[in-house]
Amino acid sequence: MRAVTVTPGQEGSLGVRDLPEPEPEHGELLVDGIALGVCGTDREIVSGAYGTPPPGRDWLVLGHESLGRVRQAPAGSGFASGDLVAGVVRRPDPVPCGACARGEFDMCRNQRYTERGIKERDGYGAQTWCVDPAYAVRVEPRLGSAGVLMEPTSVVAKAWEQVERVGERGWFGPRRVLVTGAGPIGLLAALLSVQRGLETHVLDRVTRGVKPALVGGLGATYHSDDIDAVLDDVRPDIVIEATGAAQVVFAAMRGTAPYGIVCLTGVSPSGRRLTVDAGVVNREIVLENDVVVGSVNANRRHYQQAADALAKADVDWLERMITRRVPVARAEEAFRREPGDVKTVLSLDPSTA
Ligand code: BGC
C-alpha cells in the first residue's frame, strides 16, 4: 500500500512510499483509506517546522484529516465492514494527566499526548490504516467524500463549545458573530454559527474565488474591508479567529461588544512584531468582562458534535469547500498552496491513485 511520509524537521522529505499493509491488533478496525484532508499543520510539518516521528525512527506517516471505509471490524466493535469512518487525531498522555484521565485529551496538561500524523504516531495518509474503535467516528453515508471534513469540523465544534461554556458564566444572549478567515476552519465555524441561528459575518482578504459565494451560500455576510472597520460595523458578541494573523487577533480583542468572547484557533508563526496599545486592550477586556480563549484539537464529544453538525449541513455546500483533489501518487502537489485553494484533499483510493 502507498503512504505519504515525511521526515519531520527535514524540508523536502515528503514522499510516497510502498509500505506493508498494517495488521490490526487488539480489536482494531482495518480501514481502507478513501481521502485525506490537507491543512496548515501538514504544510508546517512538510516545511520541517513541526511534527515528531514515532519513537525509534526518523519518519512519520503524515495525515490527520481522515476518511476511510471499514474493511474488517471485530465483533462487538460497534462497526461493520462497509461503514464510513474518520479517526480521532489525539491520544491521551501515558501518565495520564487529570484531563486525559477524564477523556479530555484535547486539554492535556503535560503535553505528552500523541497525535496521529503529527506527534509520535503514524497518521492516516495511507491506503490502509488501523484504528481502535474507541477512536473511530462513524460518518453518515450521505456525506460521501465530504466526510473528510469531520476532523476540521471537530476542531470547530470544540471552539464553539468553549465559547458557549465561557458565555454561560453570566447571562448570555449573543446575536452577532464575526469569523475572521474564510479557510476551512473559518467556513466551518460560520456553518456552525448559522446553525445556531446567529447573525454571521465572515472576513477574509480575498474578493474573488469561491469564498464569498460559500459565505453567501450560508446566508452569512462576507467582508473584505479592513478588520477595524468591520469590527466597528458589526460589533460582534463572538469572534472566532481563524487567521492566526497577529494584527487581526489584537484588533478582535479590542473590537467586540461588551461581554465579548474571542476564540483563537489559528496558530501563528513567531517572530512577527506588532506595536499595540496594551493599556487599551487590557482596559477593554476588564471593563467589558471580555474573554479571550484559545482552542485546539478535539475530544470524542466534539467529534460527535461535528458529526451532528455535518449531518444537518448541505452536502453540496461542503463539497464546494473541497477545491482541489490530488491523487496520492502526486502527493507533493497537495501540500503546495495554490491560489483559490480552500480545502485540498488527497485521494487514497487505489482506483484514482
Ligand atoms: C489539528 C489538531 C492538532 C493541532 C496541533 C491541528 O491541525 O487539527 O488536531 O491538535 O493541529 O498539533
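Only the coordinates and a few stated rules stand behind these numbers; no lab work does. Since we're looking at a predicted model, the values are computed, not measured. We place every Cβ from the backbone using ideal geometry, glycine too, and count neighbours over all the protein chains shown.
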Check your understanding: Short version: ³J(HN,Hα) in whole Hz for each residue of the range 47-58, in order, from phi by Karplus 6.51 cos²θ - 1.76 cosθ + 1.60 (θ = phi - 60°), x for Gly and Pro, what are they?
Key -> 7, x, 8, 8, x, 9, x, x, x, x, 8, 9
Point to revise | Rounded to 10°, Cα long-axis angle of helix 150-167 versus longest principal axis of the chain | key: 30
Review point. Amide H to amide H under 5 Å from V326: which residues, 5+ apart in sequence or cross-chain, H placed 1.01 Å off N in plane?
Key: V345, L346, S347
Study note, to complete from the structure: Per DSSP, the loop-located GluC sites (Glu not before Pro) within the range 3-73 having at most 10 other beta carbons within 10 Å are E25
Point to revise | For the range 312-328, 3J(HN,Hα) per residue [Karplus equation, 6.51 cos²θ - 1.76 cosθ + 1.60, θ = phi - 60°, Hz, x = Gly/Pro] | key: 8, 7, 7, 4, 4, 5, 4, 4, 5, 5, 8, 8, 8, 10, 10, x, 4
Exercise for review: Starting with the highest mean, order 216-227, 238-249 by the number of other Cβ atoms within 10 Å, averaged over the residues of each peptide.
Suggested key: 238-249, 216-227
**Study point:** Surface/4 estimate of mean projected area, convex hull on alpha-carbon atoms of the range 154-294, nm²
**Key:** 8.2
Review point. Could you work out Rg/(2.2 N^0.38 Å) for the chain, with Rg from alpha carbons only?
Key: 0.98
Revision key, fill the gap. Full extension between T52 and A75 adds, at 0.36 nm per residue less the Cα distance, a length in nm of 4.9 nm
Review point. Are there trypsin sites (Lys or Arg not before Pro) in the range 35-79 that DSSP puts in a loop and that have at most 12 other Cβ atoms within 10 Å, and which ones?
Key: R57
**Study point:** Cα-derived Rg to Rh of the range 296-353, Kirkwood definition
**Key:** 1.06
Check your understanding: Can you list the residues, at least 5 places off or on another chain, whose amide H is less than 5 Å from the amide H of V293, using H built in the peptide plane?
Key -> V262, C263, L264
Exercise for review: Give the residue from L348, V292, Y303 lying farthest towards the positive end of the charge dipole for the range 284-353; charges sit on Cβ (+1 for Lys and Arg, -1 for Asp and Glu) and the dipole is referred to the Cα centre.
Suggested key: L348
Check your understanding: Quick one: in the range 235-353, what % of C-alpha pairs are over 17 Å apart?
Key -> 72
Check your understanding: What is the packing order of peptides 265-276, 165-176, taking the mean over residues of other C-beta atoms within 10 Å and listing the highest first?
Key -> 165-176, 265-276
Practice item. May I ask you to evaluate 6.51 cos²θ - 1.76 cosθ + 1.60, the Karplus curve with θ = phi - 60°, for each residue of the range 117-132 and list the ³J(HN,Hα) values in order in whole Hz, giving x for glycine and proline? Key: x, 10, 9, 6, 9, 4, x, 9, x, 9, 6, 9, 9, 10, 8, 5
Review point. Angle between the Cα long axis of helix 184-195 and the longest principal axis of the chain, 0 to 90 degrees, nearest 10?
Key: 70
